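The values are calculated or read from the model by the stated rules, or taken from the named source; none is laboratory data. Being a predicted model, the structure only gives us computed values, none of them experimental. So basically every Cβ, Gly included, is an ideal-geometry build from the backbone, and we count neighbours across all protein chains shown. Heads up: the accessible areas ignore ligands, DNA and RNA and are worked out on the full protein's heavy atoms, side chains in. Shrake-Rupley method; radii C 1.70, N 1.55, O 1.52, S 1.80 Å.
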Amino acid sequence: MIQEFLTEYNLEGIAIGLITFLIIGVFHPLVIKGEYYMGQKCNWLFAIGGIVTLGASLLTHGIASILCGVTSFSCFWSILEVKEQRERVRKGWFPANPKRKDK
């Protein structure tokens with residue numbers, strides 16, 4: 001029923017754009033919290049999540065495939081962002097976790 005509504009009114013692009021915006025918005029705090037609590041170790045979680053959702057993108061069709069692909073590359077991009085977040089913490093723009101010992 002929802003698929004018919006989206007197809008009839010040609011809203012797939014708007015729906016995909018909105019959900020992509022939300023996915024990217026979710027990853028911003030995930031990067032901040034991941035770096036705060038785990039440091040660079042959270043990169044493994046983003047890599048695994050990216051690989052899993054990339055595989056899901058290959059196995060699904062339509063909007064689900066697109067959204068899995070967006071999620072996958074958001075995970076991969078987050079690996080770079082964790083490194084950038086570490087630099088932002090070093091500059092004092094974000095708080096460092098006093099309980100975590102970095103090398």
Amide H contacts under 5 Å for residue 94, placed H, 5+ residues apart
89
Dipole of the chain, positive direction: furthest Cα of 56, 34, 17, with charges on the beta-carbon:
34
Rg to Rh quotient for the chain, alpha carbon positions, Kirkwood Rh:
1.12
Here the gain from full extension of residue 86 to residue 100, 0.36 nm per residue of separation minus their alpha-carbon distance, amounts to 3.8 nm
Quick one: helix 62-90 against the long Cα principal axis of the chain, what's the angle to the nearest 10°, folded into 0 to 90?
20 degrees
In Å², rounded to a whole number, the accessible area per residue of the chain with probe 1.4 Å is 73 Å²
For the Cα atoms of the chain, what angle does the longest principal axis make with the long axis of helix 12-38, in degrees from 0 to 90, nearest 10?
20 degrees
